[in-house]
1. For the range 1-73, what % of the accessible area comes from carbon and sulfur atoms, probe 1.4 Å?
2. For each pair in 40/159; 22/50; 22/123, compute the distance between the two Cα atoms and list the pairs where it is over 24 Å.
3. Which one of 68, 93, 113 is farthest out on the positive end of the charge dipole of the range 52-165, using unit charges on Cβ (Lys, Arg +1; Asp, Glu -1) and the Cα centre as origin?
4. Do the sum for the chain: with -39,500 (n - 2.57) for every DSSP H run of n ≥ 4, divided by all residues, what is the mean residue ellipticity at 222 nm, to the nearest 500 deg cm²/dmol?
5. Measuring from label point to label point, each 7 Å out along Cα→Cβ, what is the residue 40 to residue 162 span in nm?
6. State the dimensionless ratio Rg/Rh of the range 126-165 (Rg: radius of gyration of Cα atoms; Rh: Kirkwood radius).
7. Could you grab the relative contact order for the chain? Cα pairs under 8 Å, six or more apart, rounded to a whole percent.
8. Can you divide the C-alpha Rg of the chain by 2.2 N^0.38 Å and report the result to two decimal places?
Amino acid sequence: MNSIYNRRSIRKYEDKNIPKSKLEQLVKAGMQAPSAHNKKPYEFIIVTEKELLNKLSETGLYCHMLKYAAAAIVVISKADEQETPYWQADCGAVVENILLEATELGIGSCWIGEYPNIEKSQKVKEILLIPEDYQVFATISLGYAQEQKSPNDNYYKEKVHYEKF
C-alpha cells in the first residue's frame, strides 16, 4: 500500500525531463485499469513540449503547474454514451493507475479534471488538435517533485458502514 499512502498531488517540479520510457510505463499502467465490458474507451496524448505545456497551463484556474511540469498525459475518450456508457469510470480508473505508478517511479503528479467542464475541455482540444467527437477527461501533470510531502491518513471511520447504512 506504499504507493497508495504516498501518492500526493504535486504541483512544484524540478527542471528535469522524464525519460520517454517512464512516460510509456505510466501509460501502460493506465491501460491496466479495469474497464466496463472491457471497452477500453480511452486514448492518451503525451505532452513534453514546453510551448504546449505553457498553453495548457492557461486553460483554467487549476492548471498553473503545467507551466513547470516536465510532461503531461491527457486522457481522452470518444465517449459514446450508447457504446461506452461507463467511459467516465473507466477513464477515472486509468488516471488513478497512472498517479499510483508515477508515485512508484518517484515522479510527482497532479490530476487536473477537465470533464465535464466543456469550456475548459474545448481549449485543450484546440491546443492539442483533438477531434470534436472526443471528450477530454483529465490532464495529469508530471515532474520530479521539488518538495516531499508526508503521507495523508484519509481513513474516516464514520464513513464506513457494515451491512446497512
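The values are calculated or read from the model by the stated rules, or taken from the named source; none is laboratory data. Computed from a predicted structure; not experimentally measured. Here Cβ is always computed from backbone atoms with ideal geometry, including for glycine, and neighbour counts include all displayed protein chains. Protein only, heavy atoms only, side chains kept; ligands, DNA and RNA dropped before computing areas. Shrake-Rupley method; radii C 1.70, N 1.55, O 1.52, S 1.80 Å.
1. Numbers: 2270 of 4650 Å².
For the range 1-73, the apolar C and S fraction of the accessible surface comes to 49 percent.
2. Values: 40/159 31 Å; 22/50 18 Å; 22/123 27 Å.
The answer is 40/159; 22/123.
3. Of the candidates, 68 comes out farthest on the positive side.
4. On the way: 5 runs with 53 residues, N = 165.
Result for the chain, helices only: -9500 deg cm²/dmol.
5. Distance between label points: 4.0 nm.
6. 1.24
7. On the way: 286 pairs, mean separation 55.9, N = 165.
Across the chain, relative contact order equals 34 percent.
8. On the way: Rg = 16.3 Å, N = 165, 2.2 N^0.38 = 15.3 Å.
Rounded to two decimals, the normalised Rg is 1.06.
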